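Data first, discussion second: the structure below is written as structure tokens.
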Amino acid sequence: MKLTSYWLDTSIPFSGGAEGPVQGRYDVAVIGGGLTGSSAALALAKKGARVILLEAETIGHAASGRNGGMCNNGFAQDYGIMSQRLGHETADRLYRAFDAGVDTVERLVAEEGIDCSFARVGKIKLAAKPEHYDKLARAQELLAAHVDPDTEMVSRANLASEVGSGRYYGGLIYRKSASIHIGRFVRGLAEAAARRGVTIHERTPMIGLKPAPGGGHVVATSKGDVTARQVLLASGISQAGPLGWVRRRIVPVGAFLIVTEPLPVDLLDKLTPRRRNAVDTRNLVNYFRTTPDNRLLFGGRARFAVSNPASDEKSGAILRAALNDVFPALRDARIDYCWGGMVDMTRDRLPRAGERDGVYYSMGYSGHGTQMSTLMGTIMAEVMDGRAELNPWKDFAWPAIPGHFGKPWFLPLIGAYYRIKDRFQ
């Protein structure tokens, strides 16, 4: 079993990186080489900007290369609750932004010729308890009436056509969602940006950021300094660099995944007949999907903990038990990959994007990063060109989380709280 991301292990590493010192003047410096940074750099270069992208590790190393490869539309939260909290008009506008995110991924895959197995397979949200099915049905009725008629309920009696498991009580189908080989996609975006003239430096963390005497910003790195007229922070929960303001507003939560050995197609036809992305309704969520080479990926918040090799292995054992519970037929299947990554959670689980002290930012995708980060990378290129009205998150305040200064000391408490909720709700 490899303690590494399946997606990064089965995709070709980025090869368009710049050599030598970091120096010179640029129109834009992008901090972070994940989906937000790579898509933003590509979009900015298409607009004629001179762009440098600085990545602390390697392209796609963090959350962008460590997730489930699900490109899902719709909120993580219940649509009815979101409508009550935000109002129908705002909730519908934001819901459509997630739809636009999936469309943006599909467009970039086609335009840049990225071989990443993009497929509109749809998503099914599975009721973990009978009462969860009723809640999903109420949400689907509202969705169909207001914003997404391409949704449908599947009863427990008919669930075998979607998922070969007796663990669930029906589900809600979102047909616009897609699956993707996320490693090939994020690295493909960076290659496309490099072809457009973006200077990309891997293993180059930002260590300082200050106003430049003549305007713009000076970005300091371990390999030298650059001056840029504009800066975009696409760094997520990075612990590198002077990002204290961001760290007080984002909680890094571990997400963990395992991937089986390649499985017989006839077995997968029984377990996941339509190859949809699947996620359940628990707070300590589990999700699964097939990979392009016929493995089953199974993930979730097995533990509220940070990701490191020891933590990943412990979480992998929990996920293995959960996999056996959902799919007893896989009890003897070999696990080939186990890894973890950090999700950048905001307090309300909604992204944040905007500008502060002349520095732009987009992050906090809270588990919906594949589509929203790609969309926001392209949108931030327009925002930085003077079109702030295109930012769907422009009116959302972003206060610091009380008692949080970057180290998530409270994660075990949150985990215990959600375990209790899962037991009794």
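Given the options 330, 199, 285, identify the residue whose Cα lies farthest towards the positive end of the charge dipole of segment 6-412 (+1 on Cβ of Lys, Arg; -1 on Cβ of Asp, Glu).
Of the candidates, 285 comes out farthest on the positive side.
Contact order normalised by length for the chain, with contacts defined as Cα pairs under 8 Å and 6 or more residues apart; what percent is it?
Working: 945 pairs, mean separation 101.8, N = 425.
Relative contact order for the chain comes out at 24 percent.
Full-extension gain between residue 131 and residue 167, please, as 0.36 nm times their residue separation minus the C-alpha to C-alpha distance.
Working: separation 36, 0.36 × 36 = 12.96 nm, distance 1.40 nm.
The residue 131-residue 167 span can extend by a further 11.6 nm.
What is the pair-distance distribution P(r) of segment 6-412, computed from all Cα-Cα distances in 20 Å bins starting at 0, with each bin given as a whole percent?
For segment 6-412, the binned pair fractions read 28, 59, 13, 0 percent.
In the neighborhood of residue 77, defined by Cβ-to-Cβ distances under 12 Å, what is the net charge if each Lys or Arg adds +1 and each Asp or Glu adds -1?
Within the 12 Å Cβ shell, the charges total +2.
Would you list 7, 393, 245, 398 from fewest to most Cβ contacts within 10 Å? List each step's numbers first, then the result.
Details: 7 29, 393 18, 245 14, 398 22.
Lowest to highest Cβ neighbour count: 245, 393, 398, 7.
Could you please report the charge total around residue 382, scoring K, R as +1 and D, E as -1 over all other residues with beta-carbon less than 14 angstrom from its beta-carbon?
Values: positive: 46, 47, 387, 394; negative: 355, 385, 389.
Within the 14 Å Cβ shell, the charges total +1.
Rank the residues 301, 203, 387 as a footprinting-exposure proxy: fewest other Cβ atoms within 10 Å of their Cβ go first.
Ranking 301, 203, 387 by Cβ neighbours within 10 Å, fewest first, gives 387, 203, 301.
Averaging sequence separations of C-alpha pairs under 8 Å and six or more residues apart, then dividing by the length of segment 113-217, give the relative contact order as a whole percent. Kindly include the intermediate steps, with their values, before the conclusion.
Working: 121 pairs, mean separation 38.5, N = 105.
So the answer I get is 37 percent.
Can you pull the one-decimal nm distance between simple spin-label points at residue 3 and residue 332, each 7 Å off the Cα toward Cβ?
Reported label-point gap for residue 3 and residue 332 is 2.9 nm.
Calculate, in nm to one decimal, what residue 77 and residue 225 gain on full extension: separation in residues at 0.36 nm each, minus their alpha carbon distance. Mind showing how you got there, number by number?
Values: separation 148, 0.36 × 148 = 53.28 nm, distance 4.20 nm.
Result for the pair: 49.1 nm of gain on full extension.
Given 0.36 nm per residue, what is the gain on full extension from residue 10 to residue 103 after removing their alpha carbon distance, in nm?
Full extension of this stretch gives 31.0 nm more.
Could you work out how far the C-alpha centroid of segment 134-200 sits from that of segment 354-390, in angstrom?
22 Å
Given a Förster distance of 56 Å, report the FRET efficiency between residue 275 and residue 210 from their Cβ-Cβ distance, rounded to the nearest 0.05. Write out the running numbers ahead of the final one.
Values: r = 50 Å, r/R0 = 0.89.
Calculated transfer efficiency: 0.65.
Farthest toward the dipole's positive end in segment 44-141, which of 97, 67, 83, given Cβ charges of +1 (Lys, Arg) and -1 (Asp, Glu) about the Cα centre?
83
If we count every other residue with Cβ under 12 angstrom of residue 338's Cβ, Lys/Arg +1 and Asp/Glu -1, where does the sum land?
On the way: positive: 2, 66, 314, 320, 334; negative: 9, 312, 313, 336.
Spelling it out: positives minus negatives among the neighbours equals +1.
Which entries of 123/394; 47/394; 129/270 show an alpha-carbon separation above 26 angstrom in the structure shown?
Working: 123/394 28 Å; 47/394 22 Å; 129/270 22 Å.
Correct reply: 123/394.
Beta carbons within 10 angstrom, averaged per residue: use that to sort the peptides 110-117, 208-215, 183-190, highest first. List each step's numbers first, then the result.
Values: 110-117: 15.1, 208-215: 11.5, 183-190: 28.5.
Taking the mean over residues of other Cβ atoms within 10 Å, the ranking is 183-190, 110-117, 208-215.
For the chain, what does the helix formula give at 222 nm: sum of -39500 (n - 2.57) over DSSP H segments with n ≥ 4, over the residue count, nearest 500 deg cm²/dmol? Walk me through the intermediate numbers first.
Details: 11 runs with 138 residues, N = 425.
When only DSSP H runs of four or more count, the value is -10000 deg cm²/dmol.
About its Cα centre, what dipole magnitude does segment 6-412 give when the only charges are +1 on Lys and Arg Cβ and -1 on Asp and Glu Cβ, stated in debye to the nearest 20? Present the calculation step by step, with values, prior to reporting the outcome.
Values: 50 positive and 42 negative charges, 130 e Å.
Dipole about the Cα centre, nearest 20: 620 debye.
Extending each Cα 7 Å along its Cβ direction at residue 267 and residue 47, get the distance between those two points in nm, one decimal.
About 5.0 nm separates the two model spin labels.
Choose one of 391, 369, 404: the residue whose Cα lies farthest towards the positive end of the charge dipole of segment 354-408 (beta-carbon charges +1 Lys, Arg; -1 Asp, Glu; about the Cα centre).
Looking along the dipole axis, the top candidate is 404.
Could you tell me which GluC sites (Glu not before Pro) in segment 1-90 are loop residues by DSSP with no more than 14 other beta carbons within 10 angstrom of their beta carbon? Write down the numbers at each step before the final one.
Values: sites: 19, 55, 57, 89; in loops: 19, 55, 57.
Filter output for segment 1-90: 19.
None of the figures in this text is laboratory data; all of them are computed from the coordinates on show. Every value quoted in this text rests on a predicted model; they were computed, and no experiment measured them. Reconstructed Cβ throughout: ideal geometry from the backbone, glycine too, with neighbour counts over all protein chains shown.
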